[in-house]
Amino acid sequence: MQQFIVPQFIDVEDKIFGPITTRQFLILLVAGITIFFTYRFGDFSLFIVMLALGGGSSLVFAFVRINGQAFHYFLLNIIQTVRRPSRRIWSKRYTKRDLDYLRKQTVEEQVEQEKKKPARREHIRDLALLVNTGGFYRPEDDL
(Lines give C-alpha, C1' and ligand atoms only; values in the text may rest on other atoms or scores of the structure.)
Protein backbone atom coordinates (compact mmCIF):
# COMPACT_ATOMS: atom_id res chain seq x y z
CA MET A 1 0.00 0.00 0.00
CA GLN A 2 1.37 3.40 -0.96
CA GLN A 3 1.98 5.80 1.92
CA PHE A 4 1.34 9.51 1.72
CA ILE A 5 2.81 12.26 3.83
CA VAL A 6 0.11 14.24 5.56
CA PRO A 7 1.03 17.91 6.00
CA GLN A 8 0.88 19.11 9.59
CA PHE A 9 0.81 22.59 11.07
CA ILE A 10 -0.69 24.09 7.91
CA ASP A 11 -2.03 27.06 9.84
CA VAL A 12 1.44 28.19 10.99
CA GLU A 13 2.77 31.10 8.93
CA ASP A 14 6.37 31.28 7.72
CA LYS A 15 8.70 33.34 9.92
CA ILE A 16 11.19 35.73 8.31
CA PHE A 17 12.68 37.77 11.18
CA GLY A 18 12.62 35.85 14.44
CA PRO A 19 8.97 35.63 15.52
CA ILE A 20 7.69 38.04 12.82
CA THR A 21 5.82 36.50 9.90
CA THR A 22 5.68 37.78 6.34
CA ARG A 23 2.20 39.20 6.82
CA GLN A 24 3.19 41.05 9.98
CA PHE A 25 6.33 42.40 8.35
CA LEU A 26 4.42 43.75 5.35
CA ILE A 27 1.78 45.39 7.56
CA LEU A 28 4.45 47.06 9.70
CA LEU A 29 6.46 48.07 6.61
CA VAL A 30 3.49 49.81 4.97
CA ALA A 31 2.60 51.56 8.23
CA GLY A 32 6.22 52.64 8.77
CA ILE A 33 6.52 54.06 5.26
CA THR A 34 3.22 55.91 5.64
CA ILE A 35 4.24 57.37 9.00
CA PHE A 36 7.68 58.34 7.61
CA PHE A 37 6.13 60.22 4.67
CA THR A 38 3.74 61.92 7.03
CA TYR A 39 6.66 63.04 9.20
CA ARG A 40 8.70 64.17 6.20
CA PHE A 41 6.03 65.99 4.19
CA GLY A 42 3.29 66.81 6.73
CA ASP A 43 3.18 69.01 9.77
CA PHE A 44 3.92 67.71 13.26
CA SER A 45 0.29 67.46 14.42
CA LEU A 46 -0.60 65.30 11.39
CA PHE A 47 2.43 63.13 12.17
CA ILE A 48 1.29 62.62 15.78
CA VAL A 49 -2.26 61.72 14.68
CA MET A 50 -0.97 59.28 12.02
CA LEU A 51 1.49 57.80 14.48
CA ALA A 52 -1.28 57.15 17.00
CA LEU A 53 -3.99 55.95 14.61
CA GLY A 54 -1.97 54.35 11.82
CA GLY A 55 0.72 52.88 14.05
CA GLY A 56 -1.74 51.60 16.63
CA SER A 57 -4.05 50.04 14.05
CA SER A 58 -1.13 48.43 12.22
CA LEU A 59 0.13 46.94 15.49
CA VAL A 60 -3.36 45.57 16.18
CA PHE A 61 -3.70 44.13 12.67
CA ALA A 62 -0.22 42.63 12.79
CA PHE A 63 -0.08 41.07 16.27
CA VAL A 64 -3.55 40.68 17.82
CA ARG A 65 -5.22 37.27 17.52
CA ILE A 66 -8.77 36.63 18.70
CA ASN A 67 -9.85 33.01 19.22
CA GLY A 68 -6.77 31.83 17.34
CA GLN A 69 -7.47 33.83 14.18
CA ALA A 70 -5.82 36.99 12.90
CA PHE A 71 -7.54 40.28 13.70
CA HIS A 72 -8.40 41.09 10.07
CA TYR A 73 -10.32 37.78 9.77
CA PHE A 74 -12.12 38.61 13.00
CA LEU A 75 -13.01 42.05 11.64
CA LEU A 76 -14.26 40.57 8.34
CA ASN A 77 -16.45 38.11 10.26
CA ILE A 78 -17.98 40.97 12.26
CA ILE A 79 -18.73 42.92 9.08
CA GLN A 80 -20.31 39.89 7.42
CA THR A 81 -22.44 39.22 10.49
CA VAL A 82 -23.67 42.80 10.60
CA ARG A 83 -24.46 42.86 6.88
CA ARG A 84 -26.16 39.45 6.83
CA PRO A 85 -27.90 38.74 10.13
CA SER A 86 -28.85 35.18 11.01
CA ARG A 87 -32.37 36.07 12.13
CA ARG A 88 -34.77 36.11 9.23
CA ILE A 89 -38.11 37.85 9.54
CA TRP A 90 -40.96 37.05 7.23
CA SER A 91 -42.77 40.06 5.88
CA LYS A 92 -46.13 39.78 4.13
CA ARG A 93 -45.60 41.90 1.05
CA TYR A 94 -47.10 39.78 -1.69
CA THR A 95 -49.58 41.27 -4.12
CA LYS A 96 -52.58 39.32 -5.30
CA ARG A 97 -50.87 38.85 -8.66
CA ASP A 98 -47.76 37.32 -6.99
CA LEU A 99 -49.89 34.96 -4.91
CA ASP A 100 -51.84 33.81 -7.98
CA TYR A 101 -48.58 33.11 -9.81
CA LEU A 102 -47.18 31.12 -6.85
CA ARG A 103 -50.42 29.17 -6.49
CA LYS A 104 -50.44 28.30 -10.19
CA GLN A 105 -46.81 27.22 -10.02
CA THR A 106 -47.37 24.87 -7.06
CA VAL A 107 -50.43 23.33 -8.73
CA GLU A 108 -48.37 22.62 -11.87
CA GLU A 109 -45.63 20.99 -9.77
CA GLN A 110 -48.19 18.77 -8.04
CA VAL A 111 -49.63 17.70 -11.39
CA GLU A 112 -46.12 16.81 -12.62
CA GLN A 113 -45.48 14.76 -9.49
CA GLU A 114 -48.75 12.88 -9.92
CA LYS A 115 -47.82 11.95 -13.51
CA LYS A 116 -44.68 10.03 -12.47
CA LYS A 117 -44.70 6.35 -13.39
CA PRO A 118 -44.60 3.79 -10.61
CA ALA A 119 -41.41 1.75 -10.35
CA ARG A 120 -41.54 -1.67 -11.97
CA ARG A 121 -40.22 -4.76 -10.24
CA GLU A 122 -37.77 -5.49 -13.08
CA HIS A 123 -36.37 -1.97 -12.92
CA ILE A 124 -35.77 -2.24 -9.16
CA ARG A 125 -34.11 -5.64 -9.65
CA ASP A 126 -31.79 -4.21 -12.32
CA LEU A 127 -30.86 -1.29 -10.09
CA ALA A 128 -30.09 -3.63 -7.19
CA LEU A 129 -27.86 -5.77 -9.42
CA LEU A 130 -26.08 -2.67 -10.69
CA VAL A 131 -25.36 -1.49 -7.14
CA ASN A 132 -24.35 -4.94 -5.86
CA THR A 133 -21.88 -5.55 -8.70
CA GLY A 134 -20.26 -2.14 -8.32
CA GLY A 135 -21.39 -0.94 -11.74
CA PHE A 136 -20.20 -3.95 -13.78
CA TYR A 137 -23.68 -5.30 -14.48
CA ARG A 138 -25.53 -3.47 -17.24
CA PRO A 139 -29.20 -4.31 -17.78
CA GLU A 140 -28.84 -3.43 -21.50
CA ASP A 141 -26.34 -6.29 -21.93
CA ASP A 142 -29.01 -8.88 -20.99
CA LEU A 143 -31.06 -8.12 -24.07
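Numbers at a glance
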item	result
All positions within segment 51-96 that are within 28 Å of Thr38 (Cα to Cα) and of a type in the set (Gly, Ala, Ser)	Ala52, Gly54, Gly55, Gly56, Ser57, Ser58, Ala62, Ala70
Any pair with Cβ under 8 angstrom, 6 or more apart, that starts in segment 6-23 at a residue that is assigned to a loop (DSSP other than H, G, I, E, B) and loosely packed, with under 10 Cβ neighbours inside 10 Å and ends at one that is at pLDDT below 80 and not aliphatic (A, V, I, L, M)	none
Positions within segment 26-41 being closer than 14 Å to Ala70 by Cβ and touching a Phe, Trp or Tyr at 6+ places or on another chain (Cβ under 8 Å), in sequence order	Ile27
Filtered residues of segment 45-102 (kept if in a loop (DSSP other than H, G, I, E, B) and touching a helix residue (DSSP H, G or I) at 6+ places or on another chain (Cβ under 8 Å))	Val64, Asn67, Tyr94
Any pair with Cβ under 6 angstrom, 6 or more apart, that starts in segment 114-131 at a residue that is assigned to a helix (DSSP H, G or I) and ends at one that is at pLDDT below 85	Asp126/Pro139; Leu129/Tyr137; Leu130/Tyr137
Selected residue (only one of Leu51, Leu102, Leu28, Leu75 is in contact (Cβ under 8 Å) with a residue 12 or more places away in the chain, more than 21 Å from Val12 (Cβ to Cβ), surrounded by 10 or more Cβ atoms within 10 Å (Cβ to Cβ) and of a type outside the set (Gly, Ala, Ser))	Leu51
Single match in Leu59, Leu28, Leu51 (criterion: touching a strand residue (DSSP E or B) at 6+ places or on another chain (Cβ under 9 Å) and among the aliphatic types (A, V, I, L, M))	Leu28
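The values are calculated or read from the model by the stated rules, or taken from the named source; none is laboratory data. Owing to the predicted nature of the structure, the values given are computational and were not obtained by experimental measurement. Glycine also receives a Cβ, built like all others from the backbone with ideal geometry; neighbour counts cover every protein chain displayed.
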